[in-house]
1. Compute the distance from the alpha-carbon center of the stretch A:103-136 to that of the stretch A:228-275, in whole Å.
2. When only DSSP loop residues count, what trypsin sites (Lys or Arg not before Pro) in the stretch B:5-58 have their Cβ near at most 13 other Cβ atoms within 10 Å?
3. If you build the Cα gyration tensor of the stretch A:182-251 and take the root of 5 times each eigenvalue, what three semi-axes come out, in whole angstrom, biggest first?
4. On the principal axes of its Cα set, how long, how wide and how thick is the protein assembly as shown? Give whole Å, largest value first.
5. For the cross-link pairs A:75/A:187; A:30/A:289; A:152/B:29; A:29/B:152, which exceed 25 Å when the distance is taken from alpha carbon to alpha carbon?
6. To check my understanding: the extent here is largest minus smallest coordinate of the Cα atoms along each principal axis. What are those three numbers for the stretch A:44-140, in Å, largest first?
7. Is the C-alpha gyration tensor of the stretch A:1-51 telling us rounded, prolate or oblate? Criteria: a/c under 1.5 is rounded; beyond that, a/b larger than b/c is prolate, otherwise oblate.
8. Under the convention of a label 7 Å out along Cα→Cβ, give the distances in nm from residue A:325 to the same position in every other copy, shortest first.
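The values are calculated or read from the model by the stated rules, or taken from the named source; none is laboratory data. What you are looking at is a predicted structure, and each value in this text was computed from that prediction instead of being measured. Here the Cβ is made from the backbone with ideal geometry for all residues, glycine too, and neighbour counts use every protein chain on show. Please note that ligands, DNA and RNA were not included when accessible areas were found on the heavy atoms of the full protein model with its side chains. Shrake-Rupley method; radii C 1.70, N 1.55, O 1.52, S 1.80 Å.
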2 protein chains.
Amino acid sequence: MKVAELGEFGLINRLRQTATAIPDSPAQKKLVLGIGDDAAAWRGDTSIQLATVDSMVQDVHFSPSWASWTDIGAKAIASNLSDIAAMGGLPLYALVAMTLPGDMETEDVVALYCGMRRQAAPYGLAIVGGNISRAPLVSITITIIGHSGSPKRAILTRSSARPGDVIAVTGSLGAAAAGLAMLRQNKSLPPQVQAVLRQAILTPLPRIPEGRLLVDLGIRTAIDISDGLLADLSRICQASQVGARLRIAAIPIRDEVRTAFGEQAVALALQGGEDYELLFSGPRALVEKAQLESSCPITIIGDITAENTGVITLVDEQGRVSTPRQKGWDHFASS
Amino acid sequence: MKVAELGEFGLINRLRQTATAIPDSPAQKKLVLGIGDDAAAWRGDTSIQLATVDSMVQDVHFSPSWASWTDIGAKAIASNLSDIAAMGGLPLYALVAMTLPGDMETEDVVALYCGMRRQAAPYGLAIVGGNISRAPLVSITITIIGHSGSPKRAILTRSSARPGDVIAVTGSLGAAAAGLAMLRQNKSLPPQVQAVLRQAILTPLPRIPEGRLLVDLGIRTAIDISDGLLADLSRICQASQVGARLRIAAIPIRDEVRTAFGEQAVALALQGGEDYELLFSGPRALVEKAQLESSCPITIIGDITAENTGVITLVDEQGRVSTPRQKGWDHFASS
């Protein structure tokens, strides 16, 4: 079977079985989370250590025809920081592995690196190593190593959602996918709308402080939205063995997305990826406390159910119920 | 200027200047080694933490036409473990980022992963995460996180060579480059010669125990030979601000390399990469102790000099002295 037929998530499940644990190794004994969350986690001496890796490939994830190299570098760091945010962690060190074609301009590589550095610095993230290889296409693979920050401090996982939890999301959804469509289609839009959508796709804000706040308040379940609300929520449902019910009317969507894409806005919010917002669940009282204490808007959009394990149910404004089939971005679905 | 004109090492130097330190960040304060050694290193709570990343790209570093996917996976882990060996460290966790074309066979990806796991297990290395992206070519980027193993235990660096040190190497050199040439040229050789060269290029042995022994004995300078003896020795010379003198006749070269490549054998040993042996320097008494205690052969091949900073001098069997120009593998030199 070709990997395109099996799909990204089928392939990951298959590989997870292959990479079975080495019993009794010191590394295995200290492991808290292996393959299957936003980051790997293990017990360090005084806090939980985190590590995550992510790749961006030219013409798959970005194109120099619609983004500057500085923006591309910043985005690569931001999307990885988002995985650390989704663990409630703090970033420490980054390693940057790039493949570059020989005819790439040095100044473009320097611009790429400047973008990375600019995005890393405010979060205290130090770029401390990497690797450069020749290849026909530009690809950027970033590893970020972080930690929970202090002894006994908890982390956020995908597997701790419980029936009765409410589901909430930081910021708004769909603007990144709208921005990508705008740039790819070279769509003409009012300048202010363009600016908002452009910022959403090119310079997403890693929700590190929000992840910290959630842990502080006692919330334990989160994922970052990289592949779309439905795809990422279904990962929480599968990992936690629960179901989920979403109220479509509650999903926060910016006016600019509705202005630019009309009725498609809801689909962009449900299935468009790369918003890099935190999707989380917890007892209503804790989530409402987070709403009060967070400087970033937090919206309750649904709740976790005991029935329909692994299934997401959508409830529209008329109270009609449906179960979506197309979930979101799969790396191999369109290839 | 194109990156091919600047060259890999020029580009790395340029980027190192760009990725300047963020002063006063907690991560920066704990950093021991940033860009420019075999691994990044920082102070953990009870030992030095290490992290290294390396990429292998199809048709640049490997080809499924001359290696099985299992061999390719094993090699990817081995070459990264070698960077941890060159720090005198122990490996703990690996993250595997792969780009794959959609028409790749799932069974080939599983074979790749099995090869990784088989190579990781004996070293206690646990594969705990990763990323899969679609791309036209297969590439494998592996991050390994390791540590020095116990409090106050030292690490091996490139910058601690001192005049008067002898230079030594584990195992033998040139066999990996000979193996690559054999596979690429489909060269016909006696079966026993083929077996040795094939093993050298496809399943190099990470010198983890040897790196540990060197630290135990008080040796402090090492690098692994990934780009060739001359290229990697010149990195020690530059980082330590010293010169080096190599006795060509002393370089350990297997008979199989001489049988297969005759007079080219010395050039393969000097400039061929991917041997993944440890190249190190230290006081003669310590290196001789390492020779006695190591189960892997260790050969003294030259010495570190105060004069000619950054320059390698070759001394042939007749005592004639030369300074090589072509140093070894540069990712962009041939593009």
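1. So the separation of the two Cα centres works out to 32 Å.
2. none
3. 30, 17, 11
4. Largest to smallest, the principal-axis extents are 93, 47, 44 Å.
5. Listed pairs above 25 Å: A:30/A:289.
6. Ordered largest first, the stretch A:44-140 gives principal extents of 47, 24, 22 Å.
7. oblate
8. Reported distances to equivalent positions: 6.7 nm.
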